[in-house]
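Engineer: Please see the structure below; I have some questions.
The values are calculated or read from the model by the stated rules, or taken from the named source; none is laboratory data. Everything quoted here is computed from the prediction, not taken from an experiment. As a convention, Cβ positions derive from the backbone with ideal geometry for all residues, glycine included, and neighbour counts pool all protein chains shown. Keep in mind that these areas ignore ligands, DNA and RNA; they rest on the heavy atoms of the full protein, side chains included. Shrake-Rupley method; radii C 1.70, N 1.55, O 1.52, S 1.80 Å.
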Amino acid sequence: GITALLRVAGRDPADVQAADMGFFVGPRLNAAGRLDDMSVGIRCLLNDDPDWALRDAQTLDQLNRDRRQIEQAMKAQAESMLDIAALADGDDLPWGLCLHHHDWHQGVIGILASRIKEKLHRPVIVFAQAGEGELKGSGRSIPGFHIRDALAALAVSNPQVLTKFGGHAMAAGMSIRADDLPLFSRLFDDFARASLRPADLKAEIRSDGELPAESLTLETARMIRAGGPWGQAFEEPVFDGVFQVRESRVVGEKHWKLRLRTDNSAADFDAIAFNAVEDMPTLPGVIRAAYQLDQNAWRGQVKLQLRIVHLEPASDGG
């Protein structure tokens, strides 16, 4: 089943990494539980017949595509709400943000909360209709704000608001009565403002520094890959630097595919910045980028690729 899921995701089972499990296998398995029936994913994992496992993997792949379409529509609605709220409040959005739409899918609200949290860098809870006058919420948080503890404190001070909740520091789920959404939104924002500082709402990218041009090699990327598996509390190294943009094109409608060069390098470097087009629809000639080293296999060739995690214009090339 895992092999089949890797194949439908276009990954090589012979060269699987921890990131492949997290970013390609996991979302396809999760899509079944979010949109349909988790038993499809369980059956795929337990199947000993490669052909049947592949059929289940293809079903999961389609569910994941459906989930992405639903997510994109919900994200567009959420961003429209945020634009209206920012205009109404003079760009002063809540520090603890609650969003709700009557058409939103319960299975996708956690992903939407994560996307909005990444965009605005503040605690976010997204609600969907749960029936019988109740809303189901899914929250995502930022460092310095333990969202489950925040909900526990709200439950003590206002026991009538939360009907149930659970979670951990960075993610939580909850249920509230639909009529209590305005009150809960105000209480959650008040608690966030009391717990956070303005500086906490600014995203921070920690870098291991600038790599010299001679270390920007496929060999270095392979050494880092061999040092894994990377994950929470054991983060993959991130480097930063200033690059000239030699070529740029949009792939998959929302990703930048680039060829970059440093002042000290004689050759160009391939790079990709996933989901970066929306925030940066045009690129300057010189950028500052935070990136990880990756290897990209294409038509039998393996080359170094910089996987950009953040980019911004570089001031005067510095």
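Engineer: Would you please give the FRET efficiency between Ala226 and Thr282, computed as 1/(1 + (r/R0)^6) with r the Cβ-Cβ distance and R0 = 45 Å, to the nearest 0.05?
Structural biologist: So the FRET efficiency works out to roughly 0.75.
Engineer: How many nm separate the modelled label positions at Asp270 and Asp103, each set 7 Å beyond the Cα in the direction of the Cβ?
Structural biologist: Here the modelled spin labels are 4.0 nm apart.
Engineer: In the chain, if the dipole is taken from +1 on Lys/Arg beta carbons and -1 on Asp/Glu beta carbons about the Cα centre, which of Leu293, Leu35, Gly137 is farthest to the positive end?
Structural biologist: Farthest towards the positive pole: Leu35.
Engineer: How many lysine pairs does the chain hold where the Cα atoms are under 29 Å apart and the two sit 8 or more places apart or on different chains?
Structural biologist: Summing the qualifying lysine pairs gives 23.
Engineer: Turning to a different aspect of this structure: Rounded to the nearest 0.05, what FRET efficiency do Val251 and Asp92 have when you use their Cβ-Cβ distance and R0 = 35 Å? Please report the intermediate quantities before stating the final value.
Structural biologist: Details: r = 37 Å, r/R0 = 1.04.
Efficiency, from the Cβ-Cβ distance: 0.45.
Engineer: Report, in whole Å, the centroid distance computed from the Cα atoms of segment 176-211 and segment 9-81.
Structural biologist: 30 Å
Engineer: Now a separate question. Report the equivalent ellipsoid semi-axes for segment 61-212 in whole Å, largest first, defined as the square roots of five times the eigenvalues of the gyration tensor built from alpha carbon atoms. Write down the numbers at each step before the final one.
Structural biologist: On the way: eigenvalues 115, 89, 50 Å².
Semi-axes, largest first: 24, 21, 16 Å.
Engineer: Moving to a separate point now. Ordering Cys98, Cys44 by how much accessible area each has at a 1.4 Å probe, largest first, what is the list?
Structural biologist: Cys98, Cys44
Engineer: May I pose another question? In whole percent, what relative contact order does segment 60-214 give with Cα contacts below 8 Å and a gap of six or more residues?
Structural biologist: Values: 224 pairs, mean separation 30.3, N = 155.
Once divided by the residue count of segment 60-214, the mean separation gives 20 percent.
Engineer: Hey, if you put +1 on the Cβ of every Lys and Arg and -1 on every Asp and Glu Cβ in the chain, which of Leu54, Gly166, Ser185 ends up farthest toward the positive end of that dipole?
Structural biologist: My answer, from the dipole projection, is Leu54.
Engineer: Let me ask something else about it. 5 Å is the cut-off here: which amide hydrogens, built 1.01 Å from N in the peptide plane, fall below it relative to Glu134, excluding neighbours closer than 5 in sequence?
Structural biologist: Ala178
Engineer: So for segment 246-318, averaging the separation of alpha carbon pairs under 8 Å that are six or more residues apart and normalising by length, what relative contact order in percent results? List each step's numbers first, then the result.
Structural biologist: On the way: 129 pairs, mean separation 19.2, N = 73.
Relative contact order for segment 246-318 comes out at 26 percent.
Engineer: If the only charges are +1 at each Lys and Arg Cβ and -1 at each Asp and Glu Cβ, what is the size of the charge dipole of segment 166-285 around the Cα centre, to the nearest 20 debye?
Structural biologist: Working: 14 positive and 20 negative charges, 36 e Å.
Approximately 180 debye in magnitude.
Engineer: Sticking with this one: Expressed as a rounded percentage, what relative contact order does the chain have, with Cα pairs under 8 Å and six or more residues apart?
Structural biologist: Details: 532 pairs, mean separation 31.8, N = 318.
Across the chain, relative contact order equals 10 percent.
Engineer: State in Å² the accessible area per residue of the chain; use a 1.4 Å probe, count heavy atoms of protein chains only, and round to the nearest integer.
Structural biologist: Values: 17370 Å² over 318 residues.
Accessible area per residue, the chain: 55 Å².
Engineer: Taking the full set of protein chains and a 1.4 angstrom probe, give the accessible area of Thr262 in square angstrom, rounded to the nearest 10.
Structural biologist: For Thr262, solvent-accessible area is about 20 Å².
Engineer: Related question: Given bins 20 angstrom wide, list per bin the percent of all Cα-Cα distances in the chain, short to long.
Structural biologist: Calculated over all Cα pairs of the chain, the distribution is 27, 55, 18, 0 percent.
Engineer: Which value, in debye to the nearest 20, describes the size of the charge dipole of the chain about its Cα centre when Lys and Arg Cβ atoms bear +1, Asp and Glu Cβ atoms bear -1, and nothing else is charged? Walk me through the intermediate numbers first.
Structural biologist: Details: 36 positive and 45 negative charges, 54 e Å.
That gives the chain a dipole magnitude of about 260 debye.
Engineer: Additional query: Between segment 111-128 and segment 266-318, what is the separation of their alpha carbon centroids in Å?
Structural biologist: Result: 26 Å between the Cα centres.
Engineer: For the chain, give the percent of accessible area contributed by carbon and sulfur heavy atoms, probe 1.4 Å, rounded to a whole number.
Structural biologist: Numbers: 8680 of 17370 Å².
Using a 1.4 Å probe with all protein chains present, the chain comes out at 50 percent carbon and sulfur.
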